[in-house]
Structure formats: structure tokens, C-alpha cells
1. Would you mind ranking 24, 134 by Cβ crowding within 10 Å, fewest neighbours first?
2. Taking Cα pairs under 8 Å and at least six residues apart, what relative contact order does region 1-103 come out at, in percent?
3. By its C-alpha gyration tensor, with a ≥ b ≥ c as the square roots of the eigenvalues, how is region 1-153 shaped: rounded for a/c under 1.5, else prolate for a/b larger than b/c, else oblate?
4. In degrees, nearest 10, range 0 to 90: what is the angle between the Cα axis of helix 211-234 and the longest Cα principal axis of the chain?
5. Springs between alpha-carbon pairs under 10 angstrom, Gaussian network model over the chain: which of 136, 50, 182 fluctuates most?
6. If a/c stays under 1.5 just call it rounded; otherwise compare a/b with b/c (prolate if a/b is bigger, oblate if not). Do that for region 115-180, with a ≥ b ≥ c from the square roots of the Cα gyration tensor eigenvalues.
7. Of the listed values (i) 61, 50, 41; (ii) 79, 54, 40; (iii) 71, 51, 41, identify the label whose number matches Cα extents along the principal axes in Å calculated from this model.
8. Taking only Cα atoms and a 10 Å spring cutoff, compute GNM fluctuations for the chain and point out the largest among 253, 130, 114.
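Bear in mind these aren't lab numbers, they're just calculated from the coordinates by the rules spelled out. Keep in mind the model is a prediction, meaning the values are calculated, not measured. Virtual Cβ from ideal backbone geometry, glycine too; neighbours counted across all protein chains shown.
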């Protein structure tokens, strides 16, 4: 069989992505129809930049979700005779099968590796960002609202972490030598407590006058929280529902630890500004507790800048994960990580450019989409 032409390759890729196109069409159609009822998300369609960012991010999110349906070959599988083959090259021994974007230096399908690599990135980056925000919010709100000694101590610790070069600190935390010392487990034991603390205080402050409902919610949070905590931090979940491989835990904890101080400073700064507003003074006059004021008066009014930073931070973490993979410190050596794929392809870039260009474009487009989405959200949040 002859290699596919550029048009045939384009059609082949478009066909493989049909689940993405269908799901994207449904989501965007419903979003446009109900845009008036979707708050900030609905107003995002008033911004061309925000809409472009949303489309790019949604494309990669749906690609990660439907990756198993999209890939044409096992991303880790090696097929004899396909080493460094060009784009659209027919697979030996498989009638009608092609490597749409060529084969890498280990005879693996680049198209399938790029598609499956999106799942790896979009599993870690958003989850780590959520944890970093929970840590930053839990510490930043009382630091900004209470001030005093608490603010001084937390700000000092935050500045101490931020004073260290971020990239170097990140690399130090993910090296195998650090893992052997148990430091990632100690950090996980501390950092993974913050989501439990945040939700307990959230329900405690909101339903303080309704003790029955409050106790039910707090009980559920404590049971589910410590169940997940025991599995994720210590791998002691008896049912095996919550589990994180040591290398993944190492990277996850490093991402959360490095990003939490920045989120803390943002939340603290917003709290210092918002606590002077009239509605905060009115809540204090009503006799509301400090945590109620912080979580139900200050935090909702800080959502605009926090949502924007959330999108930007996912992009920043995506770049960090790509950098880790590039230097061979990714989730696993066999993972179809974009950074690792770029690193493997760069060695032969002058001879086989197709090895590194697809994962590089994928990484660039996702980060670009997140940045455009953040710009659109910032633009719309300023109008609220």
C-alpha cells in the first residue's frame, strides 16, 4: 500500500475525531441556547477571544474523554518495521491501517500517543490546581481577614517558598532521590488535609443554625474525606478505590506545594480589599461568624479574579508537566506524555520532524486555549 496523501491524512484524523465533533457541537449548541441562564460562562460567548479559548480547551477535554475511541493503535505498542516512518505510512501486516502522524523511534503510533497524552495532562493539571486552590483559600482567607500574627507567619512561609526558584524547587521535589526519603508522603499528609478542613468549615459556617443538616453534611465530608485521604496519601484504602502511584503522587504533591503559596497571596490580597466593603460590615453587624463572612461574603465576590487565575494556573501546570516529561521526570517512562514525546523526537528533529511537531503543537494549542479562556473570563468578570 502507498502512503496517504495530505488530504487523506486530514480526512482520516477528522474521522477519528468524530466523537469529539459531535460532543462539542451538542455542548456549544446547548450553551448558546441557554447562555442567558449560565452566568459568567454564558457571557463568555460575548467575547471572541474567550470563545476561541473555550473551543480549544473543550476540544482537548473531549479528546481526553474519548481517547479510547479515537486512537488507532496502542500508544505503547511497537509494530515491526514502523520505526521513524513518515506520516500516513501503511502499517505492515494490517490491511487498511496507517500511522496517521507517523511512527516514533520505537515504532509507536504518534497520533495515538498525542491523543492519549491529552488524558495524562488533563487528569493531573486540573486536579492539582483544585488542590492548590483549596490550600490557598483555606489559608489566604483568615490571613487577609484576621491579619495580625497569623498573617505575618503565613505570609513569611509563603514568601519563603516563593523565594526559591520555582523550576528548581519543582525538579528537586520530583526526583527519585526525594521520593526515597518519604518527603512526598509527609507533604501529602499535610496538603491533602486542607480539602477536608475547607468543606467542614464551609458546611459548619453555612448551616450553623441548622444543627441536624450541619451534622449530616459534616459527617459525610469526614467519612468520604478521610477515606480518600487514607488512600491517596498513604495507600491504605481497604477497598482500593482511592490510590495514587508513588511517581504520580510525587509529581502531584510537588505541583500543589509549588502553586499553593501563589494562590495564598492572591486570596489574601483580595480578602484585604474586599473586607472593607459595606456588605462585609453589614454581615459583621448582623453578628455573623468570621468563617461565614470569609466563605459566604468575601469568597463569592472574589470569584472573578480567582477563576481567571485558575485557568492560567492550569496552563502553567501543563507547561510544568511537559517540562518534567521532557527531562524524563514524567509520570512514567512509558507514559505517552507530550513532553516526553517531544524529547524523544527532538534528537532526530532535523531528519524526522514529524516526531516532535505534533506533541509540541498539541501542548501549545492547549496552553493557548487556556490563556485565551482566561482573557475572556477576565474581560467578562470586569463587566459584572
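1. On the way: 24 17, 134 22.
Least crowded to most crowded, the residues run 24, 134.
2. On the way: 86 pairs, mean separation 32.9, N = 103.
Computed over region 1-103, the figure is 32 percent.
3. Numbers: a/c = 3.96, a/b = 1.83, b/c = 2.17.
Since a/c reaches 1.5 but b/c is at least a/b, the shape of region 1-153 is classed as oblate.
4. Relative to the chain, helix 211-234 is tipped by roughly 40 degrees.
5. 182
6. Values: a/c = 3.33, a/b = 1.60, b/c = 2.08.
It comes out oblate by the Cα gyration axes.
7. (ii)
8. Per the Cα network of the chain with a 10 Å cutoff, 130 tops the list.
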